[in-house]
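J.: Right, I'll just put the structure down here and ask away after.
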Ligand SMILES: [Zn+2]
């Protein structure tokens with residue numbers, strides 16, 4: 001614990017005998033004291049204080065400990081709020097804490113604050129030649145990612161990408177998903193698996209159901225709402241519109257997520273962390289994001305590091321898909 005010198009000098013001063021039990025018992029200490037006092041001609045009051053302090057150090061240490069305890073706690077609190085950077089409505093935070101040694105460096109930790117899995121990648125020049133570190137937050141324990149010499153530099157230069165869900169999810173291929181739009185026959189699949197418009201690569205196994213704006217969307221499979229966006233207003237036929245898509249993502253018990261995209265503005269009726277059963281109303285279709293016609297995009301995904309994800313094959317009830 002680092003203590004301000006000014007407080008030491010403000011301790012009660014009183015005249016004490018130059019010799020004392022501790023000095024006579026500890027010759028080494030006495031010798032050091034003598035040298036110091038001779039080399040440095042301090043004024044008598046100050047010298048008397050140090051002589052007294054040498055004897056009374058256990059008492060002083062105890063008094064300082066008691067005095068500093070609440071200050072220490074409040075200082076730590078103030079610093080920890082300064083050295084914390086949070087993302088996605090406090091889904092997870094980076095926490096910087098000074099190391100116990102004299103290196104002056106800070107340990108970078110990341111910790112999640114909601115009980116749902118998230119895979120993230122931190123990009124920072126403080127992280128060695130690779131300049132990134134991955135963390136899968138499977139529980140609420142903090143994970144150490146590296147060290148930095150400067151919290152301000154770290155927070156002003158770092159980047160983070162994340163994907164909700166479980167990186168080690170193994171999709172239960174036995175599961176039969178309900179159609180998210182009912183009755184199923186009224187909502188044709190306008191783009192299926194391997195669709196040329198956008199169903200390739202990471203979205204290879206997704207389905208698009210044609211539906212006019214405002215059609216109720218029902219959960220194809222139960223789980224916990226892990227992510228939503230509801231305030232997107234724009235939609236268009238190019239990938240740069242993708243960030244405007246409103247959506248609901250539901251974490252399934254096998255670690256995959258069911259994702260429902262292009263919902264209308266304010267067309268999400270569920271909240272993060274809410275438990276959902278199959279067939280439950282979760283929102284209304286729209287045309288937000290990377291979308292040229294009102295429709296619902298539904299896919300089942302596994303989370304990856306670097307903000308990536310991968311769709312997996314799934315089967316619909318009453319369907320050969
Ligand atoms: Zn789609």
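Coordinate-derived values only; no laboratory data. As the structure is a computational prediction, the values presented were derived from the model and not from experiment. With ideal geometry, Cβ positions are generated from the backbone for all residues, glycine too; neighbour counts draw on all protein chains shown.
J.: Considering just Cα atoms, how many Å³ per residue does the convex hull of region 211-300 enclose?
T.: Working: hull volume 6.8 nm³, N = 90.
With only Cα atoms used, region 211-300 gives 76 Å³ per residue.
J.: How do 156-168, 286-298 rank on mean C-beta neighbours within 10 Å, highest first? Don't skip to the answer; put the middle values down first.
T.: On the way: 156-168: 17.3, 286-298: 22.1.
Listed from highest to lowest mean packing, they are 286-298, 156-168.
J.: In nm², what is the average projected area of the convex hull enclosing the Cα atoms of region 83-223? Don't skip to the answer; put the middle values down first.
T.: On the way: hull surface 48.4 nm².
For region 83-223, the mean projected area of the Cα convex hull comes to 12.1 nm².
J.: Could you give the nm distance between label points at residue 155 and residue 242, where each point is 7 Å from its Cα heading toward the beta carbon?
T.: Spacing of the two 7 Å Cα→Cβ label points: 3.0 nm.
J.: Apply 1/(1 + (r/R0)^6) to the Cβ-Cβ distance of residue 202 and residue 113, taking R0 = 25 Å, and write down the FRET efficiency to the nearest 0.05. Display every interim value, and only then the final one.
T.: On the way: r = 28 Å, r/R0 = 1.10.
Computed FRET efficiency for residue 202 and residue 113 comes out at 0.35.
J.: Also: Suppose we look only past 18 Å in the calculated P(r) of region 83-164. What percent of the Cα-Cα pairs does that tail hold?
T.: Working: 1191 of 3321 pairs.
Percentage above 18 Å: 36.
J.: Let me ask another. How big is region 218-267 in terms of Cα radius of gyration and Dmax, in angstroms?
T.: 11.8, 34
J.: In nm, give the distance between the simple-model label positions of residue 64 and residue 89, each being 7 Å from the Cα along the Cα-to-Cβ direction.
T.: Computed distance between label sites residue 64 and residue 89 equals 4.8 nm.
J.: D for region 161-272, whole µm²/s, Stokes-Einstein with Kirkwood Rh over alpha-carbon pairs at 4 °C and 1.567 mPa s: what number? Before the final figure, lay out the partial values.
T.: Numbers: Rh = 15.1 Å.
Here the translational diffusion coefficient equals 86 µm²/s.
J.: What FRET efficiency, computed as 1/(1 + (r/R0)^6) with R0 = 51 Å and r the Cβ-Cβ distance, is obtained for residue 185 and residue 147, rounded to the nearest 0.05? Please list the in-between numbers first.
T.: Details: r = 59 Å, r/R0 = 1.16.
With a Förster radius of 51 Å, E is 0.30.
J.: What nm value, rounded to one decimal, do you get for the distance between residue 233 and residue 101 when each label is placed 7 Å out toward the C-beta?
T.: Roughly 5.4 nm, to one decimal.
J.: Evaluate E = 1/(1 + (r/R0)^6) for residue 194 and residue 277, where r is the Cβ-Cβ distance and R0 equals 30 Å; express this FRET efficiency to the nearest 0.05.
T.: Working: r = 31 Å, r/R0 = 1.03.
The value I calculate is 0.45.
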